[in-house]
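What follows is calculated from the coordinates using simple rules that are stated; it is not laboratory data. Keep in mind the model is a prediction, meaning the values are calculated, not measured. In this analysis, Cβ positions are derived from the backbone assuming ideal geometry, glycine residues included, and neighbour counts consider all displayed protein chains.
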Amino acid sequence: MSRFFTERYASLVPYIPGEQPQDMQYVKLNTNESPFPPSPGVVEAAAREAGNCRLYSDPESRLVSEAFAASLGLKREQVLACNGSDETLNFAFMAFGRELAFPDISYGFYPVFAELNHIPYTEIPLRKDLSLAPEDYYGLHKMIVLANPNAPTGMALKRDEIEAIVKANPDEVVLIDEAYVDFGAESAVGLIEKYDNLLIAQTFSKFRSLAGARLGFAIGDAALIRDLNTIKYATNPYNVNRMTSAAGIAALEEDAYYRANARTIQANRRFTTDALRALGFEVPESSSNFVFARRPGLSGETLYRELKKRGVLVRHFSKPRIDDYVRVTIGTREQMDIFLRETETVIKEVLV
Ligand code: PMP
């Protein structure tokens with residue numbers, strides 16, 4: 001820390017993103033990206049728009065917001081385009097967070113954004129099997145943040161369970177982070193006309209293969225979206241760049257391509273889950289594009305390290321309750337075959 005760093009952030013512990021090795025020699029299953037490239041129209045649209053970068057982007061992100069809202073049967077006033085869900089989360093914490101509650105095991109950025117914004121927070125333990133008890137979130141008098149499906153467990157709540165939580169906290173914003181919802185969970189989007197305290201974050205990073213473009217949306221009552229706009233215009237008015245907006249519109253037009261990819265991911269998830277269980281792993285049923293797995297007698301850290309040596313990157317979290325797990329992004333069938341083959345080798349070599 002330099003002698004200039006302010007006391008305001010002196011104790012801030014930043015989020016540590018998954019490794020992004022630049023040499024691309026790994027089977028990369030560590031940051032839940034799509035193994036499939038963006039659709040052809042996306043590449044074309046982004047390239048075309050690059051020629052207009054002399055001009056600022058539209059601060060209202062009107063076209064991409066209209067297209068996204070229409071894809072959900074909503075109005076533009078009910079959505080806000082952001083620079084990925086991470087920005088949505090930060091804006092929402094800034095706008096609505098007095099006190100926060102989220103699960104003890106969830107997306108690691110929640111406590112970081114809480115600290116950044118000096119918002120006190122409570123971490124509510126998941127059950128022993130890592131499932132979430134909806135009743136734990138009734139009448140909390142705190143802003144609630146839940147990833148559905150949860151990360152890194154992959155486990156999902158039903159829409160009725162989300163609704164019960166939203167209903168039981170009418171005076172607080174309930175933020176549902178649906179980063180992985182398109183891989184088999186139930187979205188709460190259909191509830192936003194009914195509840196003015198429900199805010200949803202969706203992203204183009206996973207299902208729409210655009211992690212590197214940085215596009216996400218807040219979805220909610222128009223009044224919530226107006227408040228988020230106040231924060232946005234006080235932070236970064238041109239938060240979504242021209243290429244990304246163009247890419248986003250094209251990605252919405254080529255929906256069928258992404259749906260087909262999601263079906264492939266779901267099939268590969270089934271295959272990987274079954275294969276890991278056959279190798280002695282415990283694997284909760286996942287509704288996302290990753291699985292969370294542990295094997296008695298094999299530490300998560302060891303498996304992560306041994307796989308990395310063999311050219312396969314997975315994610316390990318050094319955190320109580322989950323440090324014996326690894327999180328494995330579901331890739332192509334070929335990638336999963338390599339991951340499973342190397343995992344089997346590690347088991348044989350380490351567990352002698
Ligand atoms: N929420 C969850 C649960 C995530 O896992 C991620 C991806 N790291 C994000 C939000 C952020 O996604 P992005 O900023 O790429 O939209």
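Tabulated data for the structure shown
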quantity: Hits in region 266-285 - residues which are out of contact with any helix residue (DSSP H, G or I) (no Cβ under 6 Å at 6 or more places or on another chain) and either of a type in the set (Val, Ile, Thr) or surrounded by 21 or more Cβ atoms within 10 Å (Cβ to Cβ) (or both); calculated: Arg269, Thr273, Leu276, Phe281
quantity: Tally of residues being under 11 Å from the mean Cα position of the chain (by Cα) and farther than 23 Å from Asp324 by Cα across region 147-159; calculated: 0
quantity: Residues of region 337-352 that turn out to be out of contact with any strand residue (DSSP E or B) (no Cβ under 7 Å at 6 or more places or on another chain) and crowded, with 24+ Cβ neighbours inside 10 Å, as a count; calculated: 1
quantity: Lone qualifier among Ala256, Ala223, Ala251 - being out of contact with any Asp or Glu (no Cβ under 6 Å at 6 or more places or on another chain) and farther than 30 Å from Phe91 by Cβ; calculated: Ala256
quantity: Qualifying positions in region 1-50 - among the aromatic types (Phe, Trp, Tyr) and in contact with a strand residue (DSSP E or B) (Cβ under 8 Å, 6 or more places away or on another chain); calculated: Tyr26
quantity: Filter result for the condition that a residue is among the basic types (Lys, Arg) and not in a helix (DSSP H, G or I), over Arg270, Arg294; calculated: Arg294
quantity: Verdict on Tyr258 being within 16 Å of the ligand (Cβ to nearest atom), over 30 Å from Leu140 (Cβ atoms) and of a type in the set (Phe, Trp, Tyr); calculated: yes
quantity: Filter result for Asp86 (under 20 Å from the mean Cα position of the chain (by Cα) and crowded, with 16+ Cβ neighbours inside 10 Å); calculated: yes
quantity: Residue check for Glu99: touching a His at 6+ places or on another chain (Cβ under 8 Å), surrounded by fewer than 20 Cβ atoms within 10 Å (Cβ to Cβ) and of a type outside the set (A, V, I, L, M, F, W, C); calculated: yes
quantity: Check on Pro35, within 16 Å of the ligand (Cβ to nearest atom), out of contact with any Phe, Trp or Tyr (no Cβ under 6 Å at 6 or more places or on another chain) and within 30 Å of Arg310 (Cβ to Cβ); calculated: yes
quantity: Residue in region 1-39 that is surrounded by the most Cβ atoms within 10 Å (Cβ to Cβ), counting only those that are hydrophobic (A, V, I, L, M, F, W, C) and within 18 Å of Ser209 (Cα to Cα); calculated: Leu29
